[in-house]
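Only one structure is covered here, and it is reproduced in the block below.
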C-alpha cells in the first residue's frame, strides 16, 4: 500500500487525511515542516504533500531537504489561493523538482489524481 505524508498547518488537514485513507493510502500527517521531515525520516513515504507557508520550517525549506534525501519521495506542493502563491511560491517549488503543484482550496478528486500520477512516475523500490 503506498504511503503518503501530508504536511499542512491548516485545520482541514484532518479531513484530507480521512480522504486519503478512504482512497486506500497509508497516511501520516504533520502540522509543520520540521515535524514532517522527522516523520519522513522514520517512514520514508512514497509521496509527500506539503503546504508552502507553515510555521517553524516552510515548505520550500522542506522541499530542499527532501530532494537531498537518499530516498527521494514524489512531492506535491500546495499553497493558498493568493497572488504570491501562484506567482512565487508554487513556481519556485516546481523549479526545485516537485512532481506537481496545487492551489488551495483543493478538490479531493484533483488531489487523488495528482497522487496517482506521482506514484505512476515514482522509481520502484
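The values are calculated or read from the model by the stated rules, or taken from the named source; none is laboratory data. This structure is a prediction, so every number in the text was calculated from the model and none was measured. Counting neighbours? That spans all protein chains shown, and the Cβs are built from the backbone with ideal geometry, glycine included.
Looking at (1) under 15 Å from residue 2 (Cβ atoms); (2) without any contact (Cβ under 8 Å) to a residue 24 or more places away in the chain, find the lone condition where residue 107 falls short.
Failed condition: (1).
Tally the residues that are under 21 Å from residue 111 (Cα atoms) and part of a loop (DSSP other than H, G, I, E, B), restricting the search to the stretch 26-56.
Number satisfying all stated conditions: 8.
Condition first: touching a residue at least 40 places away in the same chain (Cβ under 8 Å) and closer than 11 Å to residue 7 by Cα. Can you find one or more residues in the stretch 57-68 that meet it?
yes
Does the stretch 8-25 hold any residues that are assigned to a helix (DSSP H, G or I) and either in contact with a strand residue (DSSP E or B) (Cβ under 7 Å, 6 or more places away or on another chain) or touching a residue at least 60 places away in the same chain (Cβ under 8 Å) (or both), and which are they?
13, 16, 17, 19, 20, 21
Of the residues 122, 117, which is in contact with a strand residue (DSSP E or B) (Cβ under 9 Å, 6 or more places away or on another chain) and modelled with pLDDT of 95 or more?
117
I'd like the full set of residues that are at pLDDT 90 or above and assigned to a helix (DSSP H, G or I), limited to the stretch 64-88.
64, 65, 66, 67
When you go through 113, 21, 72 one by one, which is the residue that is closer than 17 Å to residue 3 by Cα, under 13 Å from the mean Cα position of the chain (by Cα) and loosely packed, with under 15 Cβ neighbours inside 10 Å?
Step by step, each of 113, 21, 72 is checked, and only 72 is closer than 17 Å to residue 3 by Cα, under 13 Å from the mean Cα position of the chain (by Cα) and loosely packed, with under 15 Cβ neighbours inside 10 Å.
Looking at the stretch 92-114, which of its residues are closer than 20 Å to residue 44 by Cβ and out of contact with any strand residue (DSSP E or B) (no Cβ under 6 Å at 6 or more places or on another chain)?
Correct list: 96, 97.
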